[in-house]
1. Can you tell me how many residues in the stretch 65-82 are within 24 Å of the chain's Cα centre (by Cα) and either open to solvent by 80 Å² or more (accessible area, probe 1.4 Å) or among the hydroxyl-bearing types (Ser, Thr, Tyr) (or both)?
2. Can you name the number of the only condition in (1) more than 19 Å from the chain's Cα centre (by Cα); (2) at pLDDT below 90 that Gly243 fails?
3. With the checklist (1) within 23 Å of Val58 (Cα to Cα); (2) at pLDDT 90 or above; (3) under 22 Å from the mean Cα position of the chain (by Cα); (4) not in a loop (DSSP other than H, G, I, E, B) in hand, flag the one item Arg316 doesn't pass.
4. Kindly list the number of the only condition in (1) over 20 Å from the mean Cα position of the chain (by Cα); (2) surrounded by fewer than 17 Cβ atoms within 10 Å (Cβ to Cβ); (3) outside any loop (DSSP other than H, G, I, E, B) that fails for His274.
5. Name the pairs whose Cβ atoms lie under 7 Å apart, with the first residue in the stretch 36-47 and over 22 Å from Ala353 (Cα atoms), the second in a loop (DSSP other than H, G, I, E, B), and 6 or more positions between them or separate chains?
6. Return the only residue of Met1, Met9 being assigned to a loop (DSSP other than H, G, I, E, B), in contact (Cβ under 8 Å) with a residue 60 or more places away in the chain and out of contact with any Ser or Thr (no Cβ under 8 Å at 6 or more places or on another chain).
7. Which of the residues spanning the stretch 240-262 are open to solvent by 20 Å² or more (accessible area, probe 1.4 Å) and closer than 23 Å to Ala303 by Cα?
8. Taking only the stretch 3-14 into account, find how many residues are open to solvent by 70 Å² or more (accessible area, probe 1.4 Å) and out of contact with any helix residue (DSSP H, G or I) (no Cβ under 7 Å at 6 or more places or on another chain).
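The values are calculated or read from the model by the stated rules, or taken from the named source; none is laboratory data. If you're wondering where the values come from, they're calculated on a predicted model, not measured in any experiment. Cβ sites come from the backbone with ideal geometry, for glycine too, and all protein chains shown count toward neighbours. Each accessible area value is taken on the protein alone, full model and side chains, heavy atoms only, with ligands, DNA and RNA left out. Shrake-Rupley method; radii C 1.70, N 1.55, O 1.52, S 1.80 Å.
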Amino acid sequence: MDPQQLRDMKRALGRRLAELRTRRGLTQDDLGRLVHSNRSTVGNVEVGRQVSDRVFWVQCESLLKAGGELISGYDEYRAGEIQHREEKAEAARHARWGAVLDHRTITEASSPIRTRGGDEPPALPAGSSPAAANLVAMIDEVDDLRRSLNATLTPGPINDAGLDEWGKIVTRHGRATRDRSTGALLRDIADDLIELKELISRRPSASALRCLTGMAAQMSGLLCLVLCRIDDKASALRWARTGRLAAVEAGNPMIQAWVLAQEAHAHYYSADFHDAVEAARHAQEIAGHKASAGTALAAAIEARTHAATGRRKQTRAALGRAEDCLSRLEGEALSASAFGYSEAQLRFHEENAYTRLGDVSAALAAQERALQLCSPGDYTDWALTRLDRATCLTTTGDASDALDTLTETIGSLEGPKRQGIIADRARRVLDALPPTQRSSSTAQDIRALLIQPQ
């Protein structure tokens, strides 16, 4: 899959949209207004300069009665784009490692489960000495030795002190989701999950097994969250299913509701809006009338999903349920953690919902409050909120301010922190800018930052 093939697919899809629009007697401005977009976006899509998101194509499909043609064309393009990205990543990986290590060693050394302690795997550029390759293997052997020693020191059933220590480990990971880069977090969670799996396999007592299985559900949900942030939605959903299975085995409805909320989040970012609403509602039903961080999050994700499809009444109703849940939370449930839910998080979800609805005044007010409450290290919610502000500024005709906001936001993030869903959102903001700002040197610099290898 080469870039020219992708460009041809994009242009063909755009031409087909233009044909169907013309056949219905609609102008680009008409279509933009009817699908909650604008004339500029429609024009850019039709000439193959951009593709827009799946929501745009779902709405065009329904409005133009395309018989599935537009959605299938969009999905085919995205599949080609993913294939191209994977092929580039594989080629880059072989170029980096191939001169030093054989394929099996490459796989093990670059696996997120095998590497600890930094934001990137050990850097071994082509031409590195055999000693450098030996060091990677030695690090793996030392970590295997540590696990073996742990098993020898605690051969019997886990005791209360051990369970308490594991509870602290899970809690630390939940807090780290607010400010730690996703690469380091992914590896550390996966590494600890290996050891948790070993503990579960030792056949502990029934009560200890329920506790450990609940922790495995939470760790799986954290992996779903982190993988969603780095835009690996397929893997995120697989871990959500594993987390749901573990939560059911643990017999803990609150953990099950929280895992389902994470699954709803992954469906939302995949633009699978029906499944997102189903998972979010299931989470709220499981919890019943009991408020928890999971039910508050699930209601907020349901609101964002309704907003993405233009359902104003349902959006506000779901936001109301999230607000009600938040008002009844206390203690650790309000903590700045993936396992907590605070007003800062609610305002972030609220502003995004209003941004997706195109309710600019409500969105700007919620953004102001969200940014006031956002903790300094919570770079994901901070960046996404500011990118939504740039979207609103573009909508109101303040394109220069929108570009300034975008530039300040992306420029303030370190390389590993401006990838995944942040990079994807930033590109959408760029694509929505008027031609003058979109073709400016500043915009080109931002695009270059977003594609820099990390």
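1. Residues meeting the conditions: 4.
2. Here Gly243 meets the rest and fails (1).
3. For Arg316, the failing item is (3).
4. (1)
5. Note: pairs meeting the criteria are Ser40/Pro434; Asn44/Gln50; Val45/Val51; Val45/Ser52.
6. Result of the check over Met1, Met9: Met1.
7. Arg241, Arg244, Pro253, Met254, Ile255, Gln256
8. Within the stretch 3-14, the first condition is being open to solvent by 70 Å² or more (accessible area, probe 1.4 Å), and the residues that meet it are 4-5, 7-8, 11.
Pick out the ones that are also out of contact with any helix residue (DSSP H, G or I) (no Cβ under 7 Å at 6 or more places or on another chain) and you get 4, 7-8, 11.
Residues flagged as open to solvent by 70 Å² or more (accessible area, probe 1.4 Å) and out of contact with any helix residue (DSSP H, G or I) (no Cβ under 7 Å at 6 or more places or on another chain) within the stretch 3-14 amount to 4.
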